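The values are calculated or read from the model by the stated rules, or taken from the named source; none is laboratory data. Only a predicted model underlies this, so the values are computations on that prediction, with no experimental measurement involved. Cβ placement follows ideal geometry from the backbone for every residue including glycine, while neighbour counts extend to all protein chains displayed.
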Amino acid sequence: MPEPDRPTPATVHLHRPVPDRAQLDAASRVFALLSDPTRLHLLWLLSENEADVSHLAQASGAARPAVSQHLAKLRLANLVRSRKEGRRVVYSLRDGHLRNLVLEALSHAEHKVTGDPWHS
């Protein structure tokens with residue numbers, strides 16, 4: 001008997017095709033990039049608003065060179081984009097899917113850390 005707060009397999013696949021190997025590999029690479037706490041923090045900050053390296057370093061407490069390296073990895077993976085604004089480079093999330101993924105991961109972590117009840 002399925003747990004009451006978990007969807008049954010029929011519900012999970014009702015409107016979504018089974019992912020192929022390429023999709024699973026691509027998703028795994030995204031999760032690997034999200035596994036670093038500093039990178040996750042930077043993505044959360046970018047989910048709120050676009051920002052430059054100075055702002056991201058100050059807001060995250062990470063050193064500027066570390067922030068730049070993390071952003072380079074995220075840009076190479078096409079998770080963030082950058083644009084020049086005068087002498088500054090401004091970063092933003094590439095799409096809403098990543099924003100939702102980051103926010104859901106952090107919401108899940110909040111429930112785990114605080115012990116708040118799970119919801120579906």
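One table, with the values for the structure above:
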{"item": "Whichever residue in the range 40-65 is more than 19 Å from GLU85 (Cβ to Cβ) and small (Gly, Ala, Ser) and, among such residues, is surrounded by the fewest Cβ atoms within 10 Å (Cβ to Cβ)", "result": "GLY61"}
{"item": "Output for the range 47-102, where each listed residue is on the phi > 0 side of the Ramachandran plot and either over 15 Å from the mean Cα position of the chain (by Cα) or of a type outside the set (S, T, N, Q) (or both)", "result": "GLY61, GLY86"}
{"item": "Selection status of ARG88, surrounded by fewer than 16 Cβ atoms within 10 Å (Cβ to Cβ) and of a type in the set (Lys, Arg)", "result": "yes"}
{"item": "Residue satisfying condition, being among the charged types (D, E, K, R), more than 21 Å from ALA109 (Cβ to Cβ) and modelled with pLDDT of 95 or more, within set ARG29, ARG94, ARG39", "result": "ARG94"}
{"item": "Test: LEU33 is without any contact (Cβ under 8 Å) to a residue 40 or more places away in the chain and assigned to a helix (DSSP H, G or I)", "result": "no"}
